[in-house]
Structures are given as C-alpha cells and as structure tokens.
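A.B. asks: The structure that follows is given in the form of structure tokens.
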Amino acid sequence: MKSRSDRSAATRERILQAAKHLFAKQGYAATGMRQIAGRAGVSLAMINYHFGSKQKLLLELLDSFFSGIERLAKVNLAGTEPPEEKIRRHIKTMCEMLERETELLQVALLELPRDQPEVLEFKAERMRRVAGLFARHLLPVVNMRRGRPLRLEVAGPAIGAMVFSHFLLRPLVERVFDGRFNKEFYAALPEQLAELALGGLLGVQANRKEGQDGTVRRSDG
C-alpha cells in the first residue's frame, strides 16, 4: 500500500504530465485549469494545493526542461577532451533527451512570442547559466582553433536551433519525407547534426583566407 507522501507525489506527477500535454498541444493561454484537472483526474483544489496557479505549474515544467539542458551541458562540456568530442557528446545526449521529451520542448519554446515578462526572464536566466558553461568550457579552445573570436550569441542559438528544430518541426517534416523517422534515423541524427555544428564552429576557416585588410577571400585549395 502506498504511503500518503507517495500518493501525493503520484498526484503531482499526473498533474504535471497533463499540463505538459495540453500546453504542448493547444498552447498555454488556451489551456484552462479545469482541462488540466480533467485530464489528470483530480480536482481544481488539488492543483491549487500542489502548484497554486497555472503560471506556477508552467514554471515547474520549464524548470524541469532547463534543468535537464543545464545538467547535460555540465556533464558534456567539462573536461579536457577536444571540442569535437564535447560537441558530439552533447548533441547526442540532447537528441536522446528531446526524443523522450518533445512535448516539454514544445512547452519551453513554442510560447516564446507570447511569454509574459516574468516567464521570459525565467527562461533567459536559465539559458544564461547554460551559455556560461559553453563560454567557460568550450569557447576559449574554439577561438584558439579558429584564430578569431566567435560570438556565442550567434553560435549558441544557431546550434540550438539546429538540434531543436527537428523535434519541433517533426509533424511537418514527416509529411515532406514520408515519415522516415525510424530507429536507424535517430541513431544517425546526432552525428549528422554534430558534423553541421562542427563545420560551422571549426571547419569554415579551412576554406577561407582573411586578408590583411580584414576582407575574406575564398581559398583556391
């Protein structure tokens, strides 16, 4: 027989899962507390007891998403391995997380144009922490290899969008490419994304020569 604390934790998790699904499918603003209660099989009073408000419920889901992103960055970017290994490992584990938690990704990112200021600042603060890990553990080596500074505010969102976009656009891309997203596809996806990311971070310099006047010329080789 489950203890009272176990039952409370299970109820709380049902509410979170219900809210995650509804926020992802129909948006935060269009989702009512009664809908969440109905899907979770609980009363409105139970949601208020555990979370207090719809916004606090959203923030709990966002905390789960960004904590996962930060945890992966801490594990994958620390150490003395070459940046290629760090990027490959990070993209692989990110893809694994996003395949499991596509709805959570949708909740975290699809509402950005309509986010309330306090929710947007919550997301920004969590991403500042992730950006700090990239700046500390990856950027110095990348800059040394490139021979010129890389703007993290350009590279970070670009690489993030490359990884996130497949999972956000999957319903559309499945129709375009006849639903080819099987186990073999997801086994190959991280390496192909890593090749694209590494080409942007480290590979472009091999095909360009910068003149003394700062202009960039294509290499003949």
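Read-outs throughout are calculated quantities, based only on the coordinates presented, and are distinct from any laboratory measurement. Values in this document were obtained by computation on a predicted structure and should not be read as measured data. Glycine also receives a Cβ, built like all others from the backbone with ideal geometry; neighbour counts cover every protein chain displayed.
A.B. asks: Applying 1/(1 + (r/R0)^6) with R0 = 45 Å to the Cβ-Cβ distance of Arg71 and Asp178, what FRET efficiency is obtained, to the nearest 0.05?
C.D. replies: Details: r = 35 Å, r/R0 = 0.79.
Between Arg71 and Asp178 the formula returns 0.80.
A.B. asks: Along Cα→Cβ, 7 Å out, is where each label goes; now give me the distance between the ones at Ala45 and Leu168 in nm to one decimal.
C.D. replies: Spacing of the two 7 Å Cα→Cβ label points: 4.1 nm.
A.B. asks: Say R0 is 30 Å: what FRET efficiency, to the nearest 0.05, do Arg114 and Ala135 get from their beta-carbon distance?
C.D. replies: So the FRET efficiency works out to roughly 0.55.
A.B. asks: Given the C-alpha centroids of segment 23-69 and segment 127-167, what is the distance between them in whole angstrom?
C.D. replies: First find each Cα centre; the distance between them is then 32 Å.
A.B. asks: Over 19 Å between C-alpha atoms is what I'm after, so list which of Lys20/Lys86; Lys92/Lys183; Lys54/Lys74; Lys56/Lys123 land there.
C.D. replies: Distance filter (> 19 Å) returns Lys20/Lys86; Lys54/Lys74.
A.B. asks: With springs only between Cα atoms under 10 Å, which of Glu184, Glu103, Glu85 fluctuates most in a Gaussian network model of the chain?
C.D. replies: Top of the fluctuation ranking is Glu184.
A.B. asks: Return the distance in nm (one decimal) between the two label points of a simple spin-label model at Ala29 and Met127, each offset 7 Å from Cα along Cα→Cβ.
C.D. replies: About 2.0 nm, to one decimal.
A.B. asks: I've got another one for you. Starting from 0.36 nm per residue, how many nanometres of slack lie between Ser8 and Thr80 once their C-alpha separation is accounted for? Mind showing how you got there, number by number?
C.D. replies: On the way: separation 72, 0.36 × 72 = 25.92 nm, distance 4.35 nm.
Additional length available on full extension: 21.6 nm.
A.B. asks: Based only on other Cβ atoms within 10 Å, what is the fewest-to-most ordering of Val75, Val154?
C.D. replies: Ranking Val75, Val154 by Cβ neighbours within 10 Å, fewest first, gives Val154, Val75.
A.B. asks: Would you please state the base-10 log of I(q)/I(0) at q = 0.07, 0.12, 0.13, 0.17 1/Å for the chain, with intensities from the Debye formula using one equal scatterer on every alpha carbon?
C.D. replies: -0.30, -0.78, -0.88, -1.24
A.B. asks: Report, in cubic angstrom per residue, the convex hull volume of the C-alpha atoms of segment 1-52.
C.D. replies: Per residue, the Cα convex hull of segment 1-52 comes to 70 Å³.
A.B. asks: Based only on other Cβ atoms within 10 Å, what is the fewest-to-most ordering of Asp115, Asp63?
C.D. replies: Listing Asp115, Asp63 from fewest to most nearby Cβ atoms yields Asp63, Asp115.
A.B. asks: Just need the relative contact order of the chain here, percent rounded to a whole number, with Cα pairs under 8 Å and 6+ apart.
C.D. replies: Relative CO of the chain lands at 20 percent.
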